[in-house]
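The values are calculated or read from the model by the stated rules, or taken from the named source; none is laboratory data. Just so we're clear, the structure is a prediction, and the values are computed from it rather than from any experiment. Please note: Cβ atoms are built from the backbone with ideal geometry, for glycine as well, and neighbour counts cover all protein chains shown.
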Amino acid sequence: MSSLTSAARPADPLTQWFELALKTHEMLLSSGSVIRMRTERIAKAGLVPSADDLAEFQLMGQEKLAAASESGLAMARQWHSSHLSLANRVLQQWVQSTTAFFSLAGSVTPAQAAANSDAFVQSAAGTVDAASRFPDIAARIAHDGLEPIHAAATSNERRLSELAS
């Protein structure tokens, strides 16, 4: 099954979540095919499986553990890098907002108050922008976590389809 999604991640969080849903759908279709083919193989093997059957059955467990480990590591890596980046940005916004607030509070003339209120509003907009990064970060974490599982499911489907034919 060919990939339904592009390699590059779009900047729009809605598009990211849509592409993640497509990739999840593709992975689920591949998984269903793999489960069907492996279940048929187990049923055909019966009580006395061949050496090839035993090797395939063992491979099933190893692949699941490898994909799950890789998925967890990818999500942790993405969360860690995103967390540090976002924490740094939130801290910067907090300092800017605090500075802008105290500048506004210390305004003596109406002209100073107008200038300082503009700085405060811009700082507040920056805080909203920083908070709007959460959906993007969550989509990236989910995408990175799905990638190894998707890769294993789709490659297994291709490999088992070739063996069956």
Checked against (1) assigned to a helix (DSSP H, G or I); (2) surrounded by 12 or more Cβ atoms within 10 Å (Cβ to Cβ); (3) without any contact (Cβ under 8 Å) to a residue 12 or more places away in the chain, His80 satisfies every condition except (2)
Met27: passes all of (1) touching a Leu at 6+ places or on another chain (Cβ under 8 Å); (2) farther than 23 Å from Pro135 by Cβ; (3) aliphatic (A, V, I, L, M); (4) at pLDDT 95 or above but (2)
From the list Val34, Val95, Val90, pick out the single residue that is among the β-branched types (Val, Ile, Thr), assigned to a helix (DSSP H, G or I) and more than 30 Å from Ser117 (Cβ to Cβ). Val34
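State which residue is surrounded by the most Cβ atoms within 10 Å (Cβ to Cβ) when the search covers only region 100-119 and only residues that are of a type outside the set (A, V, I, L, M, F, W, C) and either part of a loop (DSSP other than H, G, I, E, B) or touching a residue at least 24 places away in the same chain (Cβ under 8 Å) (or both). Working first, answer last.
Of region 100-119, the ones of a type outside the set (A, V, I, L, M, F, W, C) are 103, 106-107, 109-110, 112, 116-118.
Add one more test, that the residue is either part of a loop (DSSP other than H, G, I, E, B) or touching a residue at least 24 places away in the same chain (Cβ under 8 Å) (or both), and what stays is 106-107, 109.
Values: Gly106: 10, Ser107: 14, Thr109: 8.
The selected residue is Ser107.
Do we have Gln93 as surrounded by 17 or more Cβ atoms within 10 Å (Cβ to Cβ), on the phi < 0 side of the Ramachandran plot, at pLDDT below 90 and not β-branched (Val, Ile, Thr) here? Explain how you work it out, then say what you get.
Details: surrounded by 17 or more Cβ atoms within 10 Å (Cβ to Cβ): yes; on the phi < 0 side of the Ramachandran plot: yes; at pLDDT below 90: yes; not β-branched (Val, Ile, Thr): yes.
Against the criterion (surrounded by 17 or more Cβ atoms within 10 Å (Cβ to Cβ), on the phi < 0 side of the Ramachandran plot, at pLDDT below 90 and not β-branched (Val, Ile, Thr)), Gln93 qualifies.
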